[in-house]
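One structure is given below, encoded as structure tokens.
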Amino acid sequence: MFCDTCGAEVVAGQKFCPNCGKELGAASGVSENRMFSHFRLLGIFWIIISAFRMLGGLAVLFVANFVIRAVLHQYPARNFVPALVSAVGVFLLLGAALGFLAGWGLLQREDWSRLLTLILAFLSLLDMPFGTALGIYSIWALMSAEGERAFARWSSAGGRA
């Protein structure tokens, strides 16, 4: 159990925090458990948004290699435009793969997942509206002082508080 004010470890049954002196009640540790649920939810959200990004990337690749090639078969740009659009599709698929990795890492309580998720969160701020919302939520949960302390305990203890 941990004090929800200062984050110090508290032995079960103590009435006051040995670090800050705050009275501990039945709700002690609730703040950290709340952050743990945010981390799990972030992992799930990153996997969901990555699935949609993967579908978008596959759709872009399909359009580039079948639709655009069929339409531009007689023009000089028949090879350049599909290659350019295919590059966008590959970029979307790469972002989806990194998002799946970040979500899986968060759910598995991996130390590296926090950094990867924060990098993706900052990049996702430009992806309105859902990427922006997920980016803000990720940045808040993983960069707040409470979130940093909770993530360090969550990942090192394997999620057992």
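The values are calculated or read from the model by the stated rules, or taken from the named source; none is laboratory data. Here the structure is a predicted model, which is why all the values come from computation and not from measurement. Using ideal geometry, Cβ is built from the backbone for each residue, glycine included, and neighbour counts are taken over all protein chains shown.
Please enumerate the residues belonging to region 53-72 that are of a type in the set (D, E, K, R) and farther than 19 Å from Ser124 by Cβ.
Arg69
Among the residues of region 11-57, how many are at pLDDT below 90, in a helix (DSSP H, G or I) and of a type in the set (Lys, Arg)?
Adding up the residues that qualify gives 1.
Only one of Leu134, Leu72 is in contact with a helix residue (DSSP H, G or I) (Cβ under 6 Å, 6 or more places away or on another chain) and surrounded by 19 or more Cβ atoms within 10 Å (Cβ to Cβ); which?
Leu134
Does Leu93 meet the test of being modelled with pLDDT of 95 or more, over 30 Å from Glu146 (Cα atoms) and aliphatic (A, V, I, L, M)?
yes
Per-residue answers, yes or no, for (1) farther than 18 Å from Ala96 by Cβ; (2) not in a helix (DSSP H, G or I):
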{"position": "Arg109", "(1), (2)": "yes, yes"}
{"position": "Ser113", "(1), (2)": "no, no"}
{"position": "Leu116", "(1), (2)": "no, no"}
{"position": "Phe122", "(1), (2)": "no, no"}
{"position": "Met128", "(1), (2)": "no, yes"}
{"position": "Thr132", "(1), (2)": "no, no"}
{"position": "Ile136", "(1), (2)": "yes, no"}
{"position": "Trp140", "(1), (2)": "yes, no"}
{"position": "Gly147", "(1), (2)": "yes, no"}
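Among the numbered criteria (1) exposed (fewer than 15 other Cβ atoms within 10 Å of the Cβ); (2) closer than 15 Å to Ser50 by Cα; (3) not charged (D, E, K, R), which single criterion is violated by Leu106?
The one condition Leu106 does not meet is (1).
If Ile49 meets every condition in (1) over 30 Å from Ile139 (Cα atoms); (2) crowded, with 18+ Cβ neighbours inside 10 Å apart from one, which number is that one?
It fails just one condition, (1).
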